[in-house]
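The values are calculated or read from the model by the stated rules, or taken from the named source; none is laboratory data. Note that this is a predicted model, so its numbers are computed, not measured. Here the Cβ positions follow ideal geometry from the backbone for every residue, glycine too, while neighbour counts run over all protein chains shown.
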Amino acid sequence: MRKFGKLLAATALMSAAIAGSAYAKTLVYCSEGSPEGFDVAPYTAGTTFDASSKPLYNRLVEFKRGTSQVIPGLAESWEVSEDGLEYTFNLRKGVKFHTTSFFTPTRDFNADDVLFSFDRQRNADHPWYEYVPGISWEYFNGMSMPDLIADIEKVDDYTVKFKLTRPEAPMVANLAMDFASIVSAEYAAQLEADGRQEMLNQEPVGTGPFSFVAYQKDAVIRYAAHGDYWGGKQPIDDLVFAITTDAAVRAQKLKAGECHVAPYPNPADIESLAADPNLVMMEQQGLNVGYLAYNTQVAPFDNAKVRKALNMAINKQAILDSVFQGAGSAAKNPIPPTMWSYNDAIQDDPYDPAAAKAMLEAEGVSGLEMEVWAMPVQRPYNPNARRMAELIQADFAQVGVDVKIVSYEWGEYLARSKELDRKGAVLLGWTGDNGDPDNFLAVLLGCDGVGGSNRAQWCNEEFDALTIKAKQVSDIAERTKLYEEAQVVFKREAPWATIAHSTVFMPMSTKVKGYVMDPLGGHWFDGVDLDQ
Amino acid sequence: MIVPTFFGITIVAFGFVRVLPGDPILALAGERGVKPERYQELLVQFGFDKPIWEQYFTYLVNLFQGDFGTSIATKRPVLDEFLTLFPATVELALCAIVFAVLLGIPAGIISAVKRGSWFDQTTMGIALAGYSMPIFWWGLLLIIFFSGTLGWTPVSGRISLLYYFPQVTGFMLIDSFLSGQSGAFKSAFMHLILPTIVLGTIPLAVIARQTRSAMLEVLGEDYVRTARAKGLGQVQVIGVHALRNALIPVITTIGLQVGVLLAGAILTETIFSWPGIGKWMVDSIFRRDYPSVQGGLVLIALIVMVVNLTVDVLYGLINPRIRHQ
């Protein structure tokens with residue numbers, strides 16, 4: 001009976017809220033999938049970040065809307081020591097955590113929250129290190145944070161010092177990434193005292209522009225604008241994620257007015273969506289690159305001239321037309337043009353099968369048989385790897401190279417493509433994490449990545465020295481120069497055939513105002529308004 | 001039979017995910033990859049470093065204690081996830097089977113009685129088409145026509161986002177009714193129409209065809225001729241004497257449709273963004289989320305077993321000969 005009474009009360013409350021918000025501005029976003037949880041740091045998927053870190057949390061520093069430029073967030077300012085080993089962050093005062101039905105904060109955000117948010121990821125003996133079975137901190141580990149951070153020190157309530165083991169220029173950009181979201185230490189302590197630690201992942205509390213209201217698994221997530229948000233109250237009152245996994249259905253929902261914004265349209269639907277008078281189609285070049293990585297440790301691909309010749313045999317325009325259906329641009333560098341330090345002076349290899357054939361003959365390569373690996377999954381940087389592999393197969397046939405297309409299950413594909421003695425060239429790609437060129441050049445092409453994320457198994461001393469140096473200096477102009485030089489070396493040595501950078505489309509209702517596309521691929525609704 | 005079947009299911013469920021290529025740690029890490037030493041740590045953390053028989057034994061022991069494990073992806077107990085989503089699938093499956101029975105049995109009876117007529121030929125033609133219909137294509141077609149062009153039904157979901165009330169039973173029709181919010185029940189009902197038709201199409205076709213053939217067989221029996229000779233009316237002959245006997249194989253068919261419904265739910269739930277276990281299982285398989293896939297398979301198998309048992313009992317109720325044996 002008591003339970004029923006509670007239920008009635010809850011129903012009455014919710015009904016009142018609905019009635020009271022009859023004229024509330026509610027933006028509906030038809031998201032492409034369900035979040036794995038609402039505590040950001042244990043996860044790596046963009047879908048989870050869209051539903052957790054973007055609306056609910058802040059970080060010490062943030063990416064300026066629509067750019068990969070780092071601006072102050074929960075830290076108002078920061079200083080870097082001369083030797084690049086100490087980063088001191090001055091925290092913002094008066095920042096409120098969300099007040100929700102399950103938590104009422106008694107204090108503002110302070111250094112304890114920063115320490116809690118990072119210590120739980122880096123100290124195996126921290127009580128929150130494995131607060132639910134099987135939890136792990138993959139992004140924190142993936143970004144080599146355990147090796148990089150020597151210590152985090154609370155100087156006072158509003159000052160925090162990060163001590164590093166080595167100079168690392170991208171450090172600040174790393175702290176703007178999702179895994180560095182700041183959670184409430186006070187809320188965590190309350191959950192711990194109640195023996196309900198797992199709720200941190202289910203009923204989240206942050207400082208972000210929206211607070212969590214409810215999640216109906218695989219169906220709907222509801223948020224309300226955070227009234228005390230340090231950045232000011234949002235123009236919309238409520239934000240709803242209607243989880244709609246099928247792209248064709250998302251398109252229908254947009255047309256029917258059941259959602260205002262829907263990501264990742266099918267290429268085939270783009271034209272009809274753009275033609276709808278009630279919709280607008282935003283587009284932006286993605287911060288990504290799709291490539292074909294040769295194994296530079298296996299003959300004849302250890303010869304740069306052979307690689308160069310093969311690159312000249314690839315008809316990129318045909319790939320753009322057929323695989324990307326126009327939603328992409330040819331790549332000449334390993335980083336996308338929207339990224340700082342992109343070297344536009346570099347000339348792409350011309351598409352010239354005759355010259356390519358002659359170059360191969362000059363290098364003594366004839367009757368070459370090779371494998372081209374096609375990914376089994378669709379990715380923004382490669383919407384149809386099988387088709388791309390077939391086109392490359394046809395291109396290489398023209399220069400006398402016989403290609404066999406192979407594929408594996410995705411996990412196997414990723415694992416086997418790392419092998420040093422791998423046969424053949426691998427189709428793969430990368431989407432930037434933090435807008436720093438280091439995140440592409442060092443991760444994908446550095447000597448440290450050989451046998452790992454460097455699928456070309458390419459270790460070039462000149463290139464490596466440039467990227468290592470660029471990581472250790474903090475002056476952007478100097479870093480830019482070093483990365484531009486590194487791109488020249490890359491082009492000369494051709495460990496990859498750079499294929500394309502994709503275009504990302506975002507259809508939305510004409511009622512949506514102020515939406516800005518994120519070059520890093522996230523979906524943000526702070527600052528977005530809705531015409532009633 | 002239930003006990004050995006159950007053990008068989010646990011072995012199949014446990015083995016099935018492990019013979020799939022790929023592993024959950026690599027799926028979790030994606031393009032970013034995971035360092036070999038970290039990979040080893042995670043193997044230990046998830047218990048995948050132990051011999052396979054030991055993993056199975058631990059799994060079985062936990063299972064008997066009601067512990068279906070924790071999802072690798074969401075870090076939540078598998079049983080909790082299953083129970084949260086299960087009512088949505090049951091609601092949809094029940095509506096689909098009711099839809100299939102209410103239309104399929106009368107259609108089958110009329111087709112049998114009017115054998116060879118235009119009605120019979122049309123109905124059986126449609127049934128054949130329905131049986132061969134790819135669910136995904138059929139669902140999208142209905143959405144584009146009824147939701148897109150005509151605007152009669154909502155595109156997807158369980159209820160309009162305007163309505164927000166606590167879940168009591170997990171069945172949206174009941175919860176929306178209990179909420180007392182005006183229009184909520186109608187919204188839930190409207191959202192059920194298209195997914196019900198899509199999921200119910202194949203069972204409808206099967207039931208209609210099965211009813212027709214069972215009816216045709218029964219109509220040729222001596223006791224039906226006797227009933228007619230006694231001067232009973234058409235309604236009594238068909239409704240009382242023929243139908244009761246014809247229904248026996250139809251009930252078995254309906255029971256067997258449970259498996260079809262659960263398989264169909266995977267596609268239907270994906271098209272209509274229906275938050276049920278079908279979609280959850282697919283997501284779990286793609287993530288190589290071993291505990292979720294294992295738990296889901298075992299729970300679904302248990303449900304199918306229980307339904308089949310219920311059908312057997314029903315069978316006895318309808319067919320006294322079985323009861324007397």
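Here B:A188 does not fit the description of being crowded, with 17+ Cβ neighbours inside 10 Å, touching a His at 6+ places or on another chain (Cβ under 7 Å) and either of a type outside the set (D, E) or under 30 Å from A:T245 (Cα atoms) (or both).
For the stretch A:509-531, a tally of residues being farther than 20 Å from A:K255 by Cα, surrounded by 16 or more Cβ atoms within 10 Å (Cβ to Cβ) and small (G, A, S) returns 2. Across the stretch B:268-279, the qualifying residues are those that are in contact with a Gly (Cβ under 7 Å, 6 or more places away or on another chain) and more than 8 Å from chain A (Cβ to nearest Cβ), and the one among them that is farthest from B:A88 (Cα to Cα) is B:T268.
Based on this model, can you work out whether B:L314 counts as closer than 30 Å to B:Y59 by Cα, assigned to a helix (DSSP H, G or I) and in contact (Cβ under 8 Å) with a residue 24 or more places away in the chain? So B:L314 does not fit the description; no.
The condition (being within 14 Å of chain B (Cβ to nearest Cβ), more than 30 Å from A:G94 (Cα to Cα) and hydroxyl-bearing (S, T, Y)) is satisfied by just one residue among A:T244, A:T296: A:T244. Of the residues in the stretch B:33-54, at least one is of a type in the set (F, W, Y) and without any contact (Cβ under 8 Å) to a residue 24 or more places away in the chain.
In summary, A:L273 fulfils each of the numbered conditions (1) at positive phi; (2) within 14 Å of another protein chain (Cβ to nearest Cβ) with the single exception of condition (1). Can you name the residue in the stretch A:407-422 that is in a loop (DSSP other than H, G, I, E, B) and among the basic types (K, R) and is also farthest from the other protein chains (Cβ to nearest Cβ) among such residues? The selected residue is A:R422. Restricting A:L445, A:L368, A:L391 to those that are within 30 Å of A:E485 (Cα to Cα) and not hydroxyl-bearing (S, T, Y) reduces the list to A:L445. Apart from one condition, B:L43 fits all of (1) more than 7 Å from chain A (Cβ to nearest Cβ); (2) surrounded by 18 or more Cβ atoms within 10 Å (Cβ to Cβ); (3) at pLDDT 80 or above; the exception is (2). The set of residues from the stretch A:423-463 being touching a helix residue (DSSP H, G or I) at 6+ places or on another chain (Cβ under 6 Å), among the charged types (D, E, K, R) and more than 14 Å from chain B (Cβ to nearest Cβ) comprises A:D436, A:D438, A:E462. Pairing residues of the stretch B:146-167 that are among the aromatic types (F, W, Y) with residues that are part of a loop (DSSP other than H, G, I, E, B) and modelled with pLDDT of 90 or more, at Cβ distances under 7 Å and at least 6 apart in sequence or on separate chains, gives B:F146/B:W152; B:F146/B:T153. Can you tell me which residue is surrounded by the fewest Cβ atoms within 10 Å (Cβ to Cβ) among those in the stretch B:95-139 that are in a helix (DSSP H, G or I) and among the polar types (S, T, N, Q)? Here the answer is B:S132. Can B:Q181 be described as more than 30 Å from B:G239 (Cα to Cα), facing another protein chain (nearest Cβ under 10 Å), touching a Pro at 6+ places or on another chain (Cβ under 9 Å) and at pLDDT below 90? When the stated conditions are applied, B:Q181 does not pass them. Counting only helices (runs of 4 or more DSSP H) wholly contained in the stretch A:269-330, the ones carrying 2 or more residues that are within 21 Å of A:G521 (Cβ to Cβ) occupy A:270-275.
In summary, B:Y59 fulfils each of the numbered conditions (1) more than 10 Å from chain A (Cβ to nearest Cβ); (2) hydroxyl-bearing (S, T, Y); (3) over 27 Å from the mean Cα position of the chain (by Cα) with the single exception of condition (3). Quick one: in the stretch A:28-47, of everything that is more than 10 Å from A:D178 (Cα to Cα) and among the β-branched types (V, I, T), which residue is nearest to the other protein chains (Cβ to nearest Cβ)? It comes out as A:V28. With respect to the conditions (1) touching a residue at least 40 places away in the same chain (Cβ under 8 Å); (2) under 20 Å from A:V401 (Cβ atoms); (3) not basic (K, R), A:A331 falls short on a single one, namely (2). Has the stretch A:449-462 got at least one residue that is touching a strand residue (DSSP E or B) at 6+ places or on another chain (Cβ under 7 Å) and surrounded by fewer than 20 Cβ atoms within 10 Å (Cβ to Cβ)? So far as the stretch A:449-462 goes, yes, one or more of its residues are touching a strand residue (DSSP E or B) at 6+ places or on another chain (Cβ under 7 Å) and surrounded by fewer than 20 Cβ atoms within 10 Å (Cβ to Cβ). In the stretch B:80-135, how many residues are under 22 Å from B:S273 (Cβ atoms) and among the polar types (S, T, N, Q)? Looking only at that region, the number is 2. Taking each residue of the stretch B:291-310 that is without any contact (Cβ under 8 Å) to a residue 24 or more places away in the chain and closer than 11 Å to B:F6 by Cα and looking for partners that are surrounded by fewer than 16 Cβ atoms within 10 Å (Cβ to Cβ) and of a type in the set (D, E, K, R) with beta-carbon atoms closer than 6 Å, six or more apart or interchain, yields nothing. When the helices (runs of 4 or more DSSP H) confined to the stretch B:220-306 are screened for residues that are of a type in the set (A, V, I, L, M), modelled with pLDDT under 85 and closer than 24 Å to B:I318 by Cβ, those reaching at least 3 such residues are found at B:243-271.
Being among the β-branched types (V, I, T), more than 9 Å from chain A (Cβ to nearest Cβ) and out of contact with any Leu (no Cβ under 9 Å at 6 or more places or on another chain) is the requirement here; does B:I97 meet it? So B:I97 fails the test. None of A:A309, A:A299, A:A331, A:A304 is in contact with a strand residue (DSSP E or B) (Cβ under 6 Å, 6 or more places away or on another chain) and closer than 26 Å to A:R422 by Cβ except A:A331. The residues of the stretch B:140-183 that are surrounded by fewer than 19 Cβ atoms within 10 Å (Cβ to Cβ), small (G, A, S) and either assigned to a helix (DSSP H, G or I) or at negative phi (or both), listed by number, are B:G148, B:S160, B:S182.
The residues of the stretch A:170-216 that are surrounded by 22 or more Cβ atoms within 10 Å (Cβ to Cβ) and among the charged types (D, E, K, R) amount to a single one, A:D178. Within the option set A:A494, A:A486, being buried (at least 21 other Cβ atoms within 10 Å of the Cβ) and over 28 Å from A:A176 (Cα atoms) holds for one residue only, A:A494. Scanning the stretch A:384-403 for residues that are touching a residue at least 60 places away in the same chain (Cβ under 8 Å) and of a type in the set (D, E) turns up just one, A:D395. Criterion applied to B:A188, B:A184, B:A208 was being closer than 30 Å to B:L247 by Cα and among the small types (G, A, S), and the one residue passing it is B:A208.
When we screen A:G208, A:G257 for residues that are more than 9 Å from chain B (Cβ to nearest Cβ) and within 28 Å of A:E186 (Cβ to Cβ), the only hit is A:G208.
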